[in-house]
1. Given the conditions (1) loosely packed, with under 13 Cβ neighbours inside 10 Å; (2) within 14 Å of chain B (Cβ to nearest Cβ); (3) in a helix (DSSP H, G or I), report the number of the one that A:Ala46 does not fulfil.
2. Under the condition of being in a loop (DSSP other than H, G, I, E, B) and under 18 Å from the mean Cα position of the chain (by Cα), which residue from the range B:19-51 is farthest from the other protein chains (Cβ to nearest Cβ)?
3. Of the residues A:Ser186, A:Ser194, A:Ser170, which single one is of a type in the set (Gly, Ala, Ser), part of a helix (DSSP H, G or I), in contact with a helix residue (DSSP H, G or I) (Cβ under 8 Å, 6 or more places away or on another chain) and in contact (Cβ under 8 Å) with a residue 24 or more places away in the chain?
4. Return yes when A:Thr140 is among the hydroxyl-bearing types (Ser, Thr, Tyr), crowded, with 21+ Cβ neighbours inside 10 Å, outside any loop (DSSP other than H, G, I, E, B) and within 14 Å of another protein chain (Cβ to nearest Cβ) and no when it is not.
5. Give me the residue from the range B:73-90 that is assigned to a loop (DSSP other than H, G, I, E, B) and more than 12 Å from chain A (Cβ to nearest Cβ) and, out of that set, farthest from A:Tyr95 (Cα to Cα).
6. What's the number of the only condition in (1) in a loop (DSSP other than H, G, I, E, B); (2) more than 13 Å from every other protein chain (Cβ to nearest Cβ); (3) surrounded by fewer than 17 Cβ atoms within 10 Å (Cβ to Cβ); (4) not β-branched (Val, Ile, Thr) that B:Asp118 fails to meet?
Amino acid sequence: MLRKHSYLQLFTAVCKKDLQLAFRQRAEIVNPLLFFLIVITLFPLAIGPEPGLLARMAPGIIWVAALLSTMLGLDKIFRDDFHDGSLEQLIASSYPLPLTVLAKVCAHWVITGLPLVLMTPLFALLLNLDSQSLVATVFTLLLGTPLLSFIGAIGAGLTVGLQKGGILMSLLVLPLYIPVLIFATSAIDTSSMSLDYSGQLAILGAMLVVAVMSAPIAISSALKVSVS
Amino acid sequence: MQLAGPNGAGKTSLLRIIAGFASPDEGDIFWRENSITKSYDEFARELLFIGHKTGVNAQLTALENVRFWLQIQGYNNEQDLYPLLANIGLVGLEDVPVRTLSAGQQRRVALLRLWLNDAKLWILDEPFTALDKSGVAFLQDRFTSHLENGGAILLTTHQDLTTHFNDLQTVTLEYRH
């Protein structure tokens, strides 16, 4: 039985499995989106429906809601694999674990992050966000949500073996989200003043590149600790 | 080689240490004279591990599970798996989610890997659990052919294997309070 090593085959196999599972349990895709929608509708109810005020707060509201709904889905990323023993099979595979992890995080972003980005124009209407800021919001989310997935997966990997890891994971991960939040909301603020916000986007992009390169290694180590 | 001992003696823990999932408090594991912590990838290429948790996803079908496993191990995924599924007694059940199968059938889905690998060392934790008599006999035949091909098997089981395997070595762990 010949083995032909192809990193692409591994990557697509892992992605395909996770996407297949997500589409079989569609609640997994829909629930974080509904959560996002509900959090956003809570704000006008709580602070009053004044359009100017809402538009001023919209970037912050959208981003905090995005952070929270990403957290909601993170717990699932390694849990099933940990409990059914697939994680051990992935570790004992002859492929490097960081590559497997990269595929899993990418699949996770397609399931949770991408729908969020696509739905943002609709949610922005609820908050009276002008079109200029909306474009900036979509750009920051496009760069920022994968970053959230990568950083969050480190926390998920560390806490997957614990009985009630969810809260601990939030405590570990949310402080690490602060830089992303600062640069993303700063970009949107700048755009609302009709200024150039490419600097903030560049920093988000740079953070994403660093995360793609280094987070899979950290996640692999975290998973090995959790399995042992 | 059979690892024996009462419940709680540490059989599973020892198997997981040998497979490289946990690190020992003292000592080191060597495979072909190399420490597995240093050259884990080479060791992993020759290792097949089926633990207590078998690595079968309950939402996927038997066929999807086996194909996924073949892919993550780098084996050829194009081969026709139906004859093998029929042999192991899963005919007609290829396309239903594994969670709807019985415990013995789920175990069979995991054990399918034994026919689909070229690993030298098999580490199996309680492979006979939930299998019926014909399943046990079928598995023992596979063990025999693996050993004849120069493979090694390290397993834990409460079954008596001495009648089937002449050169069986048994290591017994004691329960320490």
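We did not get these values from a lab; they are worked out from the coordinates using the rules stated. For clarity, every value in this text was computed on a predicted model and none was experimentally measured. Please note: Cβ atoms are built from the backbone with ideal geometry, for glycine as well, and neighbour counts cover all protein chains shown.
1. If we test A:Ala46 against (1) loosely packed, with under 13 Cβ neighbours inside 10 Å; (2) within 14 Å of chain B (Cβ to nearest Cβ); (3) in a helix (DSSP H, G or I), just (2) comes out false.
2. It comes out as B:Glu46.
3. Unique residue meeting the criteria: A:Ser170.
4. It is false that A:Thr140 is among the hydroxyl-bearing types (Ser, Thr, Tyr), crowded, with 21+ Cβ neighbours inside 10 Å, outside any loop (DSSP other than H, G, I, E, B) and within 14 Å of another protein chain (Cβ to nearest Cβ).
5. The residue in question is B:Gly89.
6. Of everything listed in (1) in a loop (DSSP other than H, G, I, E, B); (2) more than 13 Å from every other protein chain (Cβ to nearest Cβ); (3) surrounded by fewer than 17 Cβ atoms within 10 Å (Cβ to Cβ); (4) not β-branched (Val, Ile, Thr), B:Asp118 misses just condition (2).
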